[in-house]
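Each remark here refers to the structure printed beneath this line.
All of the numbers you see were taken from the coordinates with simple rules; none came from a lab. In this text the structure is predicted, and so the values were computed from the model without any measurement. Don't worry about glycine lacking a Cβ; one is built from the backbone with ideal geometry, like all the others, and counts go over all protein chains shown.
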Amino acid sequence: MIKIPPDFIEKNFSPADFLANCHEAFVMYANGSAVMPPREENVDERGKFTLKMPAQIPGYSGYKFIEELPSDQPGKLGQRTAIIRLSPDNDAASNAVEVGLDAEYITNMRTGAAGVLGMKYFAPQAKNIAVLGTGKIAKALALCAIEFGVKTINVFSRKPENREKFKQDIIEHSVFNNIVLCDSIPACISGVEAILTAVPTLEPILFLKDLPSRVYISVMGGDSRTAQLDGEILKRGVVVPDNLEQCRKSGEFKLALEQGNYNEINFAQINGRVANIGDAAIGGLKLDSGIVISYFTGLAVQDINAAKMVYEKFIKTA
């Protein structure tokens, strides 16, 4: 088994690399050249969360495995570890690539890339954006958004020190410094064309009454335990999931199912079926309505395609 050093990815791959790789993954997802068996999610009696995400792409197969321990702080998610196993189809199993902690960085960057690609597909004119959250995925969102020439990034999190650290981290990793620190969500999203939200909250933080009349939203979700959007937004906006079945198990949609409101969600449609982010990636879905929401649960094809990118460069440079 080949083990890739933990610092290899951060040193060798830029936000632009992850944006191109993620777009390629979405195209494969749309045209059927990627296969994603159902992912396996479990929460045991102690609260330990595990998730296995398998996928096959041309020339490769593999999976990502996530384990998250319960937190001792109410309302907080626990410590998480993630690995990716990648097997070239023409190699023996012993040649599988294992990315240990690097899977966390891949996940953060491919998630940030996905959220910004949604903005590119549906709101390419967006120049003033809001980022909700200041964690690793929020930083990836900001760094990827900078690649598309945004002018201003408003940022919100509850703690002022986290907002300030976020700003310094972005300045350190890019030449961009037009970052506005906001002390409330309404202030953060006022006047923006796009909202990118990555907050692991157990209760919704975005409400219809606070939104601009015309805005694009990328929601980085996928956890059955969390919900960032109030249900009214899903009814009034147009929702584009990355994967419908995965969305059904995610917080906002799971809650709608439990409350009997799921059929009121306004999903984007193509020829009588629910459209997804792959349709947008290949130019098959254009939306021009007031509120457009891309909901990202995370696709295994994103992880495996990113792992392929890393593996192929590692082999060439080893």
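Report the percentage of all Cα-Cα pairs in segment 112-298 whose separation exceeds 23 Å, rounded to a whole percent. I get 36 percent for the Cα pairs in segment 112-298 exceeding 23 Å.
Our helix-only sum for the chain, with -39,500 (n - 2.57) per DSSP H run of n ≥ 4 divided by its residues, gives a mean residue ellipticity at 222 nm of -11000 deg cm²/dmol. In a DSSP loop and with at most 10 other Cβ atoms within 10 Å, there are no chymotrypsin sites (Phe, Trp or Tyr not before Pro) in segment 136-172. Isolated cysteines of the chain, defined as having no other cysteine beta carbon under 4.7 Å away, are Cys22, Cys144, Cys247. Computed on the chain, the Cα convex hull volume stands at 135 Å³ per residue.
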